[in-house]
Structure formats: C-alpha cells, structure tokens
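What follows is one structure encoded as structure tokens, with my remarks underneath.
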Amino acid sequence: MDPLYDVIIIGGGPGGVAAGVYCARKQLKTLLITESFGGQSFVSDDIQNWIGETHISGLDLAKKLEAHIRTYPDMVEVKMPGKVVEVKSIACTEPADGGRMCDFEVQTDKGVYQGKSVILASGARRRKMGIPGEDKFEGKGVAYCSTCDAPVFRDKKVVVVGGGNAGLEAVQDLFPYASEIYLLEGGPALRGDPKTVDEISKNPKLKEIIVNAKIKEVVGETLVSALKYELNGEEKTLEVEGIFVEIGSVPNSEMVKDLVQLDDHGQVTINFQHATTSHPGVFACGDVTNDPYKQNNISAGDGVRAALAAYSYLLNREKQSPAAEKNYA
C-alpha cells in the first residue's frame, strides 16, 4: 500500500485540479485520482465563460488542467485512469481537547490508498429519462452529447429533451446538421437563459417548442423512429430519428454515501464557508455538492477553498497530535 498522503483528491475537473494546485503550493503530499481530466465540460465544443479565455474547447481545457497539475510532480501524484469505489474513515481518535481525527481509506478499481484528509471533487454525470426504450436505443438514436453526436444526425429530424441551458445549447449544436429540431420541456416554460431562448427561436430549423410534455417511450426497431409523450392528458407521437437527452445531472457521490451527509438529490451537503462536510477531514467542491450554481469557475474557486480548508484542518490536527511527523507550518 502507498504511504499515507496528506490529502487525497477525487476528481480531475476544474474543482479537483484547482484543489490539487493549492495543495501542492501548501507543500501537502497529495494524491489525485481521476478517470479523466476536464469534468463534464470535456465534451463541450466551445466554452465561452471560462475566465481568461474568450473561447476554449472542452478538450483544450482538459489538456490545460492536466498540464497544470503535472507541474507539481514532487507534491502531487496522479492516478489516472482511476475509479473510486468507496471512501471509509479508519483509525479515528478523539483528542482530549475536543474534535475528532481520522485517517481515510480510498478504495479504487486498481488499489487502496490512505490519507489524512479527502477532497471530493467527483462532479456529476448525465441524468437519464428512465423510460422504456431508452437503454435499448442508446447509441442507436438516443444520445447524451450533442457536441459529440450532432454530425451523425445530418439531414435528420431530431428532438432535444430538456429546456434548461444544456438543452438550449444542444439545439444550437444541432443547427448546422439536423434538418428539423423539436424541443420538449417537462415544465410550464423553458428554464434556460432568455437571450439564448430568443436566439434559437429565430432559427427556422427549430420547428416547435413543446412545454408540459411528459415523456413516455422511445420507439423503433433497430434504430429510433419516434418519441412518445403525453400532453394535456393526450398521448402524442413525434416521429424523429434522434433524441438528445439534456435533463440535468446526477452527483457522483455513491462512494461517500455511508461517510458524509447527502441531501435528497444525492448531493454532498457542505458548509459553504469552509467546504466542510458532515465528517471531519472530508471536504467537497463542485458539482457533487449542494451548491446550486453548477459552473466551472465556481467549481475551481470552491476547489481552492477546499484545499485551504484542508490545510487548516491538517495544521490543527498536528497541534492535537504533537508526535505527528509532518510539520505544516
């Protein structure tokens, strides 16, 4: 088993990398475990709100994040690809002057690692519709990445499910390729930026915006041929060859479900002042948390906060354990 790390960071998106950079600069022996770099934005073709870059692709952002963290090889060890299965607290003690201190065991698909603290920056993944036919036709007309798959649907009729910003961006991605586009939203109105709504509404390829639609079933033989939905109690069928699902995300928090408090949506509940969770020594940042604003820039800032909070925690831990080998001053 590898030595005891000061900090183990889970995730290679903006939050995880920002945390790693700050841990390195605080001279903390750090392990960063990630399946890939870039987070959910890896699939974005054109990111226009990453501060300092007027335009950058998700791939280029991922390359820059990885290059930055790898400039600290003496302080940050990177395990990639690595999938974390579970995080457990071990060797807990109760100092006489209060508080609780534990080491942590991080179980991955390739090994077990131990650390004095953990920063959870594992992000989120795309949410599925959960209807008949969805899994059967995934990759056969059902898609979750417009940037990746839009060219496949050249001159075809498609529908985008989801009226938030992700859905609106998917419509924009499809404009150069699809012949007709339909937009379905389950709520009473589109939830995305009004400016973007106005822009897409002017494009003649967007044939119809349908709200209050309850998605029922994906239909087809070998490939998607239609999407069934219910509107005002009446079942309708929309004949399309492609279905792009953009209905939000699910936090990647399963590995800590028995360790820290989660909210009703599976998000890690944090104290926003210090990025702390319900378990001492475990910090969290980015889309895996209950922060309502899921943005790359916010994740990066929260990653910095988590790193500084972890540093303060380790300083206090050393004061409570004079025999500790590490001096963080």
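What to note about this one:
- Some residue of the range 112-121 being within 25 Å of Ile298 (Cβ to Cβ), in contact (Cβ under 8 Å) with a residue 24 or more places away in the chain, outside the structural domain of Leu223 (by TED's automatic domain parsing) and assigned to a loop (DSSP other than H, G, I, E, B): yes
- Residues located in the range 290-308, provided they are touching a residue at least 40 places away in the same chain (Cβ under 8 Å) and touching a helix residue (DSSP H, G or I) at 6+ places or on another chain (Cβ under 8 Å): Lys294, Asn296, Asn297, Ser299, Ala300, Gly301, Asp302, Gly303, Val304, Ala306, Ala307, Leu308
- Within the range 235-273, being among the β-branched types (Val, Ile, Thr), out of contact with any Ser or Thr (no Cβ under 8 Å at 6 or more places or on another chain) and part of a strand (DSSP E or B) holds for Thr237, Ile243, Val245, Val250.
- Meets criteria (of a type in the set (Ser, Thr, Tyr), part of a helix (DSSP H, G or I) and either crowded, with 24+ Cβ neighbours inside 10 Å or assigned by TED's automatic domain parsing to the domain that holds Ser89 (or both)) for Tyr72: no
- Matching residues in the range 75-110 - criterion: being surrounded by fewer than 15 Cβ atoms within 10 Å (Cβ to Cβ) and of a type in the set (Asp, Glu): Glu94, Asp97, Asp109
- Per-region count, the range 209-224, residues of a type in the set (S, T, N, Q) and in contact (Cβ under 8 Å) with a residue 40 or more places away in the chain: 1
- Among the residues making up the range 246-271, those that are on the phi < 0 side of the Ramachandran plot, at pLDDT below 95 and not charged (D, E, K, R) are Ile247, Ser249, Val250, His265.
- When restricted to residues that are free of Cβ contacts under 8 Å to residues at least 40 places away in the same chain and in a loop (DSSP other than H, G, I, E, B), the range 99-111 contains 2.
- With respect to (1) modelled with pLDDT of 95 or more; (2) surrounded by 14 or more Cβ atoms within 10 Å (Cβ to Cβ), the lone exception for Asp155 is condition (2).
- When Gln27 is tested against (1) assigned to a loop (DSSP other than H, G, I, E, B); (2) out of contact with any Lys or Arg (no Cβ under 8 Å at 6 or more places or on another chain); (3) at negative phi, only condition (3) is not met.
- The residues in the range 220-259 that are over 23 Å from Ser179 (Cα atoms) and either loosely packed, with under 14 Cβ neighbours inside 10 Å or acidic (Asp, Glu) (or both) can be counted, and the count is 9.
- The range 75-98 - residue that is in a loop (DSSP other than H, G, I, E, B) and of a type in the set (Asp, Glu) and, of those, nearest to the chain's Cα centre (by Cα): Glu94
- Picking from residues in the range 50-69 that are outside any loop (DSSP other than H, G, I, E, B) and of a type in the set (Val, Ile, Thr), the one that is modelled with the lowest pLDDT is Ile56.
- Which listed residue, of Tyr113, Tyr144, is of a type in the set (Phe, Trp, Tyr) and either modelled with pLDDT of 90 or more or surrounded by fewer than 16 Cβ atoms within 10 Å (Cβ to Cβ) (or both): Tyr113
- Within the range 274-298, the residues that satisfy the criterion of being farther than 29 Å from Gly186 by Cβ and part of a loop (DSSP other than H, G, I, E, B) are His274, Ala275, Thr277, Ser278, His279, Pro280, Gly281, Cys285.
- Unmet requirement for Gln295, which otherwise passes all of (1) at pLDDT 95 or above; (2) within 14 Å of the chain's Cα centre (by Cα): (1)
- Any hit, the range 20-36, residues being modelled with pLDDT under 95 and either surrounded by 22 or more Cβ atoms within 10 Å (Cβ to Cβ) or more than 30 Å from Leu168 (Cβ to Cβ) (or both): no
- Pairing residues of the range 182-199 that are modelled with pLDDT under 95 with residues that are among the acidic types (Asp, Glu), at Cβ distances under 9 Å and at least 6 apart in sequence or on separate chains, gives Arg191/Glu185; Gly192/Glu169; Thr196/Glu169.
The values are calculated or read from the model by the stated rules, or taken from the named source; none is laboratory data. Predicted, not measured: the structure shown is a model, and the values here were computed from it. Every residue, glycine as well, gets a Cβ built from its backbone with ideal geometry; the counts of neighbours run over all protein chains shown.
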